[in-house]
1. Considering only residues that are among the acidic types (Asp, Glu) and modelled with pLDDT of 85 or more, which ones fall in the range 197-238?
2. Sort out which residues of the range 58-86 are closer than 17 Å to PHE13 by Cβ and either of a type in the set (Gly, Ala, Ser) or in a strand (DSSP E or B) (or both), and write them in order of number.
3. Consider the range 1-57. How many of its residues are among the hydrophobic types (A, V, I, L, M, F, W, C), modelled with pLDDT of 90 or more and in a helix (DSSP H, G or I)?
4. Kindly indicate whether LEU162 is within 20 Å of PRO283 (Cβ to Cβ) and at pLDDT below 85.
5. Under 6 Å by Cβ, and 6 or more places apart or on different chains, what pairs join a residue from the range 14-31 that is at negative phi with one that is surrounded by fewer than 23 Cβ atoms within 10 Å (Cβ to Cβ) and of a type in the set (S, T, N, Q)?
6. Which one of the conditions (1) modelled with pLDDT of 95 or more; (2) in contact with a helix residue (DSSP H, G or I) (Cβ under 6 Å, 6 or more places away or on another chain) does GLU106 fail to meet, given that it meets all the rest?
Amino acid sequence: MDSLQKIVAPVDFSERSIGAVRYAELLARHFHSELSLVHVFTPPPLEFGDAAGPDSVLSELYRNRVNEVRKDLDGLLADELADLRVRRIVLEGETALRIVEFAHEERVDLIVMATHGYGPFRQFILGSNTAKVLHDADCPVWTGVHLEKAWGPPGAGLRRILCAVDLGPQSRKTVEWAKGLQDAFQAELTLVHALTPIPDDPELMAGEWLMRFRRNAEAELSRLRQEAGAAAGLVVEQGDPAEVICATASRLRADAVVIARGSAAGVFGRLRTHAYAIIRQSPCPVVSV
């Protein structure tokens, strides 16, 4: 990651989305980025037919609501973001689709958005719009269940970064992205890898075999660290990837976790099959590269 020239933060005016904007602000200040606040407004459903025509009462109500949304978006954190390059944009259509299209057309470097998991079930829920964006976006996505707890002072930053590595083909890119964050914030960086148990032969994950797997993983992490030119600690633990990564993030009090996202279909590596679980359970934001 050389720089984040363009950041987009989708806004639905919820507390969580405003928290996402504050994280986007934090990143925009450090990288001198252009920040786009985007709200997607859904037009009247087509099934209303003529009732939703250009001269209908429904159409007039819709236009009035769009104008209200534009006004609300213009006023959102206006004083706090006054010294940044900020675009405030209202789009129409299906939320996730329009966010992905906008990010692609504008060559956005990062999307920052909340998961919209709620209450005691938030560790099991990933909002449908966030899931679709994670699946379809061709740029990294920064998300999490705690974005409403973003920093108050804009000068606060990322002190500890955890980079989860599955040792697959995207590992180097993931480590380099984490190294970019580390350099920008002068943060501590830790690389973590989970040794996943082999169900068909549990004996392979015990004794001498386990030590061999661990040494190989540590050697690969060390190689990736050297290739990225990163100063980073190494953690290798046995267990479910989401549980290992999130437990390590909690123990180290990480401010952000970097993972390889790939496709939500999860066909490009073990870690990416666990991406949703990591995002849902992480005690801090997760950036999926």
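The values are calculated or read from the model by the stated rules, or taken from the named source; none is laboratory data. None of these values were measured; they are calculated from a predicted model. Methodologically, a virtual Cβ is constructed for each residue, glycine included, from the backbone with ideal geometry; neighbour enumeration extends over all protein chains shown.
1. Filtering the range 197-238 for residues among the acidic types (Asp, Glu) gives 200-201, 203, 208, 218, 220, 227, 237.
Within the range 197-238, GLU218, GLU220, GLU227, GLU237 qualify.
2. GLY75, ALA78, VAL86
3. Here is the first cut: in the range 1-57, the ones among the hydrophobic types (A, V, I, L, M, F, W, C) are 1, 4, 7-9, 11, 13, 18, 20-21, 24, 26-28, 31, 35, 37-38, 40-41, 46, 48, 51-52, 57.
Remaining after also requiring modelled with pLDDT of 90 or more: 4, 7-9, 11, 13, 18, 20-21, 24, 26-28, 31, 35, 37-38, 40.
Still in the running and in a helix (DSSP H, G or I): 18, 20-21, 24, 26-28, 31.
Summing the residues that are among the hydrophobic types (A, V, I, L, M, F, W, C), modelled with pLDDT of 90 or more and in a helix (DSSP H, G or I) in the range 1-57 gives 8.
4. Numbers: within 20 Å of PRO283 (Cβ to Cβ): yes; at pLDDT below 85: no.
So LEU162 does not fit the description; no.
5. Partner pairs satisfying both residue conditions: PHE31/SER3.
6. The number of the failed condition is (2).
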